[in-house]
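A.B. asks: I am attaching a structure below and will ask some questions about it afterwards.
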Amino acid sequence: MSDSSVAPRSRPRRRLLAAAVTAASVLVLAGCSQPVPIETAPLASDPACAAVVVRLPDTLAKDTEAEQVERETNAQGTGAWGEPASVILRCGAETPGPTTDRCVSVNGVDWVIDESDAPNYLFTTYGRTPAVEVLVDNDVVSGTTVITELAAAVSVIPADGGCTTLDETTD
């Protein structure tokens, strides 16, 4: 057999292989989502933020209808979940001062809740430096579920204060 008789048979295979590689590449690229753009918090380079970020869960509200899978972000000290992102975390926020906003304790972490942009709630750790902010679209996933599941990661930042009630401040 001459080389010319082999070439025609291998060309269709190469074309088929090239088409398969191209199709696979398109599928892989189509499955990739863009990083979630998040503005870095002022203290995001604090080593405590690195300790928080490496402990963030891969999924929030796992095995429920509201399950949110972790997404890549473009900023240090951040996390995001959902497609589109329904939960945004920023470590390195300024520590909040005294406030009249609601403050709750969940799994040993105190959170101040800003409900002024409902159903988007901003949860900010209270009594931890640096602070962690978590913005949650409560129409997609429960804010309570989110802060409960993030408490283990956030608790690596030591508490140096916590929520108090008016009764506790007047005693």
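A.B. asks: Would the stretch 144-160 turn up any residue that is at pLDDT below 95 and open to solvent by 40 Å² or more (accessible area, probe 1.4 Å)?
C.D. replies: yes
A.B. asks: Any idea which of 33, 5 is open to solvent by less than 50 Å² (accessible area, probe 1.4 Å) and at pLDDT below 95? Talk me through it step by step, then tell me what you get.
C.D. replies: Values: 33 fails: open to solvent by less than 50 Å² (accessible area, probe 1.4 Å).
Step by step, each of 33, 5 is checked, and only 5 is open to solvent by less than 50 Å² (accessible area, probe 1.4 Å) and at pLDDT below 95.
A.B. asks: Continuing with the same structure: Starting from residues that are in a loop (DSSP other than H, G, I, E, B) and touching a helix residue (DSSP H, G or I) at 6+ places or on another chain (Cβ under 6 Å), keep the ones in the stretch 40-56 and report whichever is most open to solvent (accessible area, probe 1.4 Å). First the steps, then the outcome.
C.D. replies: Restricting attention to the stretch 40-56, the residues satisfying the condition of being in a loop (DSSP other than H, G, I, E, B) are 40-46, 54-56.
Next, from what is left, pick out any that are touching a helix residue (DSSP H, G or I) at 6+ places or on another chain (Cβ under 6 Å): 55-56.
Details: 55: 126, 56: 16 Å².
Among those that are in a loop (DSSP other than H, G, I, E, B) and touching a helix residue (DSSP H, G or I) at 6+ places or on another chain (Cβ under 6 Å), it is 55.
A.B. asks: Where residues in the stretch 97-140 are without any contact (Cβ under 8 Å) to a residue 60 or more places away in the chain and among the acidic types (Asp, Glu), which of them is least open to solvent (accessible area, probe 1.4 Å)?
C.D. replies: 110
The values are calculated or read from the model by the stated rules, or taken from the named source; none is laboratory data. Since we're looking at a predicted model, the values are computed, not measured. Every residue, glycine as well, gets a Cβ built from its backbone with ideal geometry; the counts of neighbours run over all protein chains shown. Please note that ligands, DNA and RNA were not included when accessible areas were found on the heavy atoms of the full protein model with its side chains. Shrake-Rupley method; radii C 1.70, N 1.55, O 1.52, S 1.80 Å.
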